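The values are calculated or read from the model by the stated rules, or taken from the named source; none is laboratory data. Worth saying up front: this structure is predicted, and the values here are computed from it rather than measured. Note: ideal-geometry Cβ built from the backbone for every residue, glycine included; neighbour counts use all protein chains shown. Please note that ligands, DNA and RNA were not included when accessible areas were found on the heavy atoms of the full protein model with its side chains. Shrake-Rupley method; radii C 1.70, N 1.55, O 1.52, S 1.80 Å.
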Amino acid sequence: MADNYLEKKMEEHRSGKAAVLPRRRTPSGGKPGTATFALAVHTAFVSGCENDMALAGAVLAALGRAGVTTGFACVDLAAGRLMAQSTATRHYPLAADKALGMFGHADMTVCIGAACVDVETSGRRRAVVRGEGCGDDVFGRVLPELLLFLSLPYSGCVVGDRLVVMPDGTVQ
């Protein structure tokens, strides 16, 4: 049996019909055109979810997909449980200060307010606000990506303390 296999492979080799190797990924193992960075944030806590449940869901999903252990405070028990199940995060049906105490240390805290989103990482507080004319869809798409950017180790030296999301999705 082994002789037949070897003869077949030698015949393929001679005729130039050798098996095509599968497409390789980059040397790091990722897809071409992507980069992988280590996050400085390992735990995150989100409060103020009641102010905008859709935005909170997008933030929690992004942090969860990035592998950040995430907890959030939401006094609405049914909505909080549903959000925790769909985003693989921890729900605390308490006030934000009590919930944060139960969650423990958080490398990043996010407070979703009516007018802005406050983000604290490494002892530095930043405010993310909507620019004039910035819709919910644009803000909901940009904010999770911006939070992941702020969780990178060297992002603190690049951005200011007040970030404005513009209607075209850029951040100033």
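Looking across region 92-148, just one residue is on the phi > 0 side of the Ramachandran plot and more than 21 Å from the chain's Cα centre (by Cα), and that is G133.
When region 64-73 is filtered for residues that are polar (S, T, N, Q) and surrounded by 21 or more Cβ atoms within 10 Å (Cβ to Cβ), only T70 remains.
Restricting to region 51-87, name every residue that is of a type in the set (D, E, K, R) and under 17 Å from the mean Cα position of the chain (by Cα). R65 - this is the single residue of region 51-87 that is of a type in the set (D, E, K, R) and under 17 Å from the mean Cα position of the chain (by Cα). Before we move on, is A61 out of contact with any strand residue (DSSP E or B) (no Cβ under 6 Å at 6 or more places or on another chain) and open to solvent by 60 Å² or more (accessible area, probe 1.4 Å)? Taking the combined requirement at face value, the residue does not satisfy it. Only one of A96, A66, A79, A62 is over 18 Å from T121 (Cβ atoms) and hydrophobic (A, V, I, L, M, F, W, C). Can you tell me which? On inspection, the qualifying residue turns out to be A79.
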